[in-house]
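What follows is a single structure, written as structure tokens, with notes after it.
The values are calculated or read from the model by the stated rules, or taken from the named source; none is laboratory data. The model shown is predicted, which means the values in this text are computed figures rather than measured ones. As a convention, Cβ positions derive from the backbone with ideal geometry for all residues, glycine included, and neighbour counts pool all protein chains shown. Heavy atoms of the whole protein, side chains included, go into the accessibility calculation; ligands, DNA and RNA do not. Shrake-Rupley method; radii C 1.70, N 1.55, O 1.52, S 1.80 Å.
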Amino acid sequence: LETGDYLFINKPAGLPVHPSGRYRTHTLWNLLLERYGNLSLVNRLDRETSGVVLAAKSGEAAREAQTAIQSGCSTKEYLVLVEGNFACDLDASGILESDPSSPVRKAIRFVPESAAQPNGDPASPAYCRTHFSPVSPIALPSSGRIFTLLRARLYTGRTHQIRATLKSLGYPVVGDKLYGPDSEI
């Protein structure tokens, strides 16, 4: 969708937003740059995540959108499928920190506010808060496996926030290579 000031892009999973690491040219940023020239990306999504990315056509539009996001005038919600029966609403507040148990250097883990040091300080760069609400349980009787479709509402926007939080809570994201049920394979 395109308006006079913004582009709303439906980013597919597998496409990085910004050039980094081994992804230098095949990124959303490069694709938009070729077609529209210089834009300001208001939000970003992990490479593995699909969803809406907002691009502003001017600095003024970018500041307006950032102000709306920071003031709480807008919300970020995602649907995510997890392993297990996630039966009740949960407001998860805490910190994200490096995961020393993971063989992957960039993996992080969620530490609940009650156990976090510093004690859930919202000014901390690693502080995060996500509200999870179950939408629908999904049972596969033939395999005995249970999944839950969740709605995740972000109050902060940290890299890997939803995925790392859910894995640390014992509900890994289905199909996630880093934080999923088979991430150690």
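Exposed loop positions in the chain were taken to be trypsin sites (Lys or Arg not before Pro) whose DSSP state is not H, G, I, E or B and which have at most 12 other beta-carbon atoms within 10 angstrom. Between these positions, the longest stretch is 25-104. Within the set (i) -0.35, -0.89, -1.00; (ii) -0.37, -1.00, -1.11; (iii) -0.41, -1.04, -1.14, the number that log10 I(q)/I(0) by the Debye sum over Cα atoms at q = 0.09, 0.15, 0.16 Å⁻¹ takes when calculated for this structure is listed as (ii).
Expressed as a whole percent, the accessible surface of the chain that belongs to carbon and sulfur atoms is 53, based on a 1.4 Å probe.
The residues of the chain have, on average, 58 Å² of accessible surface per residue, using a 1.4 Å probe with all protein chains present.
What dipole magnitude, in Debye to the nearest 20, does the chain give about its Cα centre under +1 on Lys/Arg Cβ and -1 on Asp/Glu Cβ?
On the way: 20 positive and 18 negative charges, 86 e Å.
Dipole about the Cα centre, nearest 20: 420 debye.
Rounded to the nearest whole Hz, the Karplus-based 3J(HN,Hα) values (6.51 cos²θ - 1.76 cosθ + 1.60, θ = phi - 60°) of segment 52-66 follow the sequence 8, 10, 9, 10, 9, 7, 9, x, 5, 5, 5, 5, 4, 5, 4, with x at glycine and proline. Estimated from the Cβ-Cβ distance and a Förster radius of 35 angstrom, the FRET efficiency linking SER98 and ARG35 is about 0.40.
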